[in-house]
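Asks: Next up is a structure, given as structure tokens.
The values are calculated or read from the model by the stated rules, or taken from the named source; none is laboratory data. Remember, predicted model here, so these are calculated numbers, not experimental data. For neighbour counting, all protein chains shown are included, and Cβ atoms are generated from backbone atoms with ideal geometry for every residue, glycine included. Heavy atoms of the whole protein, side chains included, go into the accessibility calculation; ligands, DNA and RNA do not. Shrake-Rupley method; radii C 1.70, N 1.55, O 1.52, S 1.80 Å.
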Amino acid sequence: MTLTFVEACGGDSAAWREHWHRVAAQLSSSARADERETPSPTLVPRQLPAVSGHFVGRERELAALDQLAVASSRFSAAAAIAISPITGPPGVGKTTMALHWAHRAASRFPDGQLYVNLRGFDQGGSPMDPADAIGGFLEAFGLPPERIPVSLDARAALYRSLLAGRRVLLVLDNAADTEQVRPLLPGGSTCLVLVTSRRRLSGLVVTEGAHPISVDVFTPAEAWQLLAVRLGRERVQAERAAVEEIIARCARLPLALNIVAARAAAHPDFTVAALAEQLRDVGDGLDAFTEGDREADIRAVFSWSYRALHPGAARLFRLVGLHPGPDLTAPAAASLAGLPVARVRPLIAELARVHLLTEHTPGRYACHDLLRTYATELADLHDSAAERRAACHRVLDHYLHSANAAALLLEPHRHPIALATAEPGVTPERLAGDARALAWCAAERRVLLAAIQQAASAGFDGHAWRLAWTLATALQRQGRWHDLLASQQTALAAAQRQGDRAGQAHTHRGLARAYTWQGRYQDACTHLRRAIDLHGELGDHTGQAHAHRGLARVLGLQGQHLEAIDHTDRALKLYEAAGHLLGQANSLNAIGWYHVQLGHHERALADCERALALHQQIGDRHGEALTWDSIGFANHHLGNHRRAIECYQRAIQLYRTASDRYEEAATLGRLAETHHAAGDGDAARRTGRQALTILDELQHANADQLRRRLAEFGRS
């Protein structure tokens, strides 16, 4: 049976009152003890370190912090604390920015500003124990050491009680990880916490609702602004080329720029050109950014992040320096390291957490040039020459086999080239469909162009010319003719060094293609005639036919239509002998086109209709588009405007499917002419403007001619 308290006291109300007097006295004594354990602060801490007077830029990041401060001032008692992890690679100025903003916003936090360097990535020693950091904060508020508890939990509880209801700014600098930071977070919503770290601290974002800010290298404008502030605006304006070179060699890294600026301040009589020459003389290494002070020594600053890596991630970082750049995907990193993709993803994640790699777009990782240089130095130091060459071989195999698959998806009936088996450990990209292939080529364009250059300079000449071959169609469809020319020039030199006549024949044709698009017809003819000879010497009649057809195109563009028909006839006979249906279809379409130019419109339609049937039989949509365009052109000249419009529209639809922007623009231009001839001026101008937009985007020379023609449409 359960008794009430009064019943237990025998119903004596006096005893009951005496008991509750004792309870009240005990509660009062406990409250006074709590007050002694959490005394009122005797000091208002102002711990922010001094900052440089040369701060520039970071307007977007500072504005985000301003917004967070305003939001934190409106929080209710039940709201979450405002936290902003400021993360980024070493040397980008995370601490500088955090302290600059903290000083600017100090007046918003009248109860104090706390600062601690948590030594997460210091040159020596271990990261600071959170208990020591809290002890320092408590002392900053005037608590005597004997009143500070020993255990972390007790210190954290007292620290949160002290900050409750107070407007305090905390700057937790150089944090090692989320676990080091979490005990230092206040419990209420009235404080604001800035945390700088080379790690991403995603745990704070997930569990604490933190507002992350990522800091990267300067924009070009910010780099200019810094040098103007440090060196003097007149000085940098007078030597713009030298300033541009300094910015490029510093990779827009704030630490590197400040090192150069400090050197300039120490030698005010030096010209900016002389400073740029010093950097040039040192070369591509980091010696130009090595100072006596380890805080201003780029190698030392980078090393603090590198030393925190596990061995597998450290090896991958070193190998990144051997990648052609400027960025890479997980499969490329896997090939570079010779590991399965599943094993390399955690290594990439570790490098990204400490900002030695940055995921600048989903699935693509990069680091700035000075970090790449540091990685290369480490590879030279820790990895043998054989290991480095094997990694280079694997990554070039990765891009060659991936790009070859893309090329054959874009042109399924293209005459293939022979490839050696990829090295063990290589993981080529898996591409499905021509649209995916073209998107991959566009995303990897700069990497593939760099890979061609790297292959040529590292003694992989076979990779150099084959990579150029695989990339030619994509570059042409994207309208990147300067890239096409540069890559083919490198490829031809590589094939000649290797003594590979097949490679030379292919690259002579590739060069001719580039020169044709640039209007350098004599150069194109020279290379095509050399390709005809080389393919003939090799007994490669299909290659010889390709070269004849290319030569015919160049002659046709110069108005030599009879000569063009002659070379196309030679190509057609070679294709027929080889049973090459696509070549036959392309040749018939070309012959029809040249007959239109000569006024033989009915003959042209007959040849083009045969070509169209073959293209549809083969399933070659791009060739079908070219042929519909030719049929439309012939019908235009026969006065069959409605039929011409239908044919052009079919061609345009197919070009868009193939993402061939130039051919789409060319057909749109011809469609505009047909609309104009049919008396539909509005449609002519609308269609012509669509064509002009594409040509302007491609920076094509035909844009001005079309612009003049559109002006004529407007007057008629």
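Asks: When Arg198 is evaluated against the numbered criteria (1) open to solvent by 30 Å² or more (accessible area, probe 1.4 Å); (2) over 20 Å from Leu152 (Cβ atoms); (3) of a type in the set (Lys, Arg), which criterion, by number, is the only one it fails?
Replies: (1)
Asks: Follow-up. Among the residues of the stretch 220-255 satisfying the criterion of being touching a His at 6+ places or on another chain (Cβ under 8 Å) and not in a helix (DSSP H, G or I), which is surrounded by the fewest Cβ atoms within 10 Å (Cβ to Cβ)?
Replies: Among those that are touching a His at 6+ places or on another chain (Cβ under 8 Å) and not in a helix (DSSP H, G or I), it is Ala251.
Asks: Ok, one more. Any residue at all in the stretch 322-343 that is of a type in the set (Ser, Thr, Tyr), more than 20 Å from the chain's Cα centre (by Cα) and surrounded by fewer than 23 Cβ atoms within 10 Å (Cβ to Cβ)?
Replies: Checked against the condition, which is being of a type in the set (Ser, Thr, Tyr), more than 20 Å from the chain's Cα centre (by Cα) and surrounded by fewer than 23 Cβ atoms within 10 Å (Cβ to Cβ), the stretch 322-343 yields no hits at all.
Asks: Keeping to the stretch 351-367, report how many residues are in contact with a Leu (Cβ under 8 Å, 6 or more places away or on another chain) and buried (at least 20 other Cβ atoms within 10 Å of the Cβ).
Replies: Number of matching residues: 6.
Asks: While we're looking at this one, here's another question. Right, His401: open to solvent by 40 Å² or more (accessible area, probe 1.4 Å), modelled with pLDDT of 95 or more, within 30 Å of Trp517 (Cα to Cα) and assigned to a helix (DSSP H, G or I) or not?
Replies: For His401, the condition - open to solvent by 40 Å² or more (accessible area, probe 1.4 Å), modelled with pLDDT of 95 or more, within 30 Å of Trp517 (Cα to Cα) and assigned to a helix (DSSP H, G or I) - is met.
Asks: Please specify each residue of the stretch 178-195 satisfying the condition of being β-branched (Val, Ile, Thr), open to solvent by 10 Å² or more (accessible area, probe 1.4 Å) and within 20 Å of Pro110 (Cβ to Cβ).
Replies: Across the stretch 178-195, the qualifying residue is only Thr190.
Asks: From the list Gly120, Gly165, Gly188, which residue is on the phi > 0 side of the Ramachandran plot and out of contact with any Lys or Arg (no Cβ under 7 Å at 6 or more places or on another chain)?
Replies: Gly165
Asks: Here's a follow-up. State yes or no: is Ile348 open to solvent by less than 30 Å² (accessible area, probe 1.4 Å), over 25 Å from Ser402 (Cα atoms) and not charged (D, E, K, R)?
Replies: It is false that Ile348 is open to solvent by less than 30 Å² (accessible area, probe 1.4 Å), over 25 Å from Ser402 (Cα atoms) and not charged (D, E, K, R).
Asks: Take the conditions open to solvent by 60 Å² or more (accessible area, probe 1.4 Å), in a loop (DSSP other than H, G, I, E, B) and either in contact with a Lys or Arg (Cβ under 6 Å, 6 or more places away or on another chain) or modelled with pLDDT under 65 (or both) and apply them to Gly125. Does it pass?
Replies: Yes; evaluated as a whole, the condition is true for this residue.
Asks: Can you name the number of the only condition in (1) modelled with pLDDT of 95 or more; (2) surrounded by fewer than 23 Cβ atoms within 10 Å (Cβ to Cβ) that Thr507 fails?
Replies: Looking at each condition in turn, Thr507 falls short on (2).
Asks: Here is a follow-up. Check off (1) more than 24 Å from Tyr655 (Cα to Cα); (2) in a helix (DSSP H, G or I) for Trp593 and give me the number that stays unchecked.
Replies: So the condition that Trp593 fails would be (1).
Asks: Do you know which residues across the stretch 404-443 are open to solvent by 50 Å² or more (accessible area, probe 1.4 Å), acidic (Asp, Glu) and farther than 18 Å from Arg656 by Cα?
Replies: Glu423
Asks: Which numbered condition trips up Arg235, out of (1) of a type in the set (D, E, K, R); (2) without any contact (Cβ under 8 Å) to a residue 12 or more places away in the chain; (3) within 22 Å of Gly53 (Cα to Cα)?
Replies: (2)
Asks: Here's a follow-up. Considering (1) open to solvent by 10 Å² or more (accessible area, probe 1.4 Å); (2) over 25 Å from Val51 (Cα atoms), say which one Arg167 fails and leave the rest.
Replies: (2)
Asks: Could you tell me which numbered condition Thr473 fails, if it satisfies all but one of (1) over 19 Å from the mean Cα position of the chain (by Cα); (2) over 18 Å from Ala495 (Cβ atoms); (3) open to solvent by 20 Å² or more (accessible area, probe 1.4 Å)?
Replies: Result: Thr473 fails condition (3) only.
Asks: I've got another one for you. Counting only residues that are touching a helix residue (DSSP H, G or I) at 6+ places or on another chain (Cβ under 8 Å) and within 14 Å of Arg477 (Cα to Cα), which one in the stretch 689-703 is most open to solvent (accessible area, probe 1.4 Å)?
Replies: Checked the stretch 689-703; the qualifying residue most open to solvent (accessible area, probe 1.4 Å) is Glu697.
Asks: For residues that are surrounded by fewer than 23 Cβ atoms within 10 Å (Cβ to Cβ) and touching a residue at least 60 places away in the same chain (Cβ under 8 Å), scanning just the stretch 203-212, find the one that is nearest to the chain's Cα centre (by Cα).
Replies: Per the criteria, the residue is Pro212.
Asks: Here are Ala571, Ala613: which of them is buried (at least 22 other Cβ atoms within 10 Å of the Cβ) and either in a helix (DSSP H, G or I) or at pLDDT 95 or above (or both)?
Replies: Ala571
Asks: Just one of the numbered conditions (1) part of a loop (DSSP other than H, G, I, E, B); (2) surrounded by fewer than 22 Cβ atoms within 10 Å (Cβ to Cβ); (3) in contact with a His (Cβ under 9 Å, 6 or more places away or on another chain) is not true of His393; which one?
Replies: With respect to (1) part of a loop (DSSP other than H, G, I, E, B); (2) surrounded by fewer than 22 Cβ atoms within 10 Å (Cβ to Cβ); (3) in contact with a His (Cβ under 9 Å, 6 or more places away or on another chain), His393 is out only on (1).
Asks: Against the definition (in contact (Cβ under 8 Å) with a residue 60 or more places away in the chain, closer than 24 Å to Thr627 by Cα, in a helix (DSSP H, G or I) and of a type outside the set (Asp, Glu)), how does Tyr662 come out, yes or no?
Replies: yes
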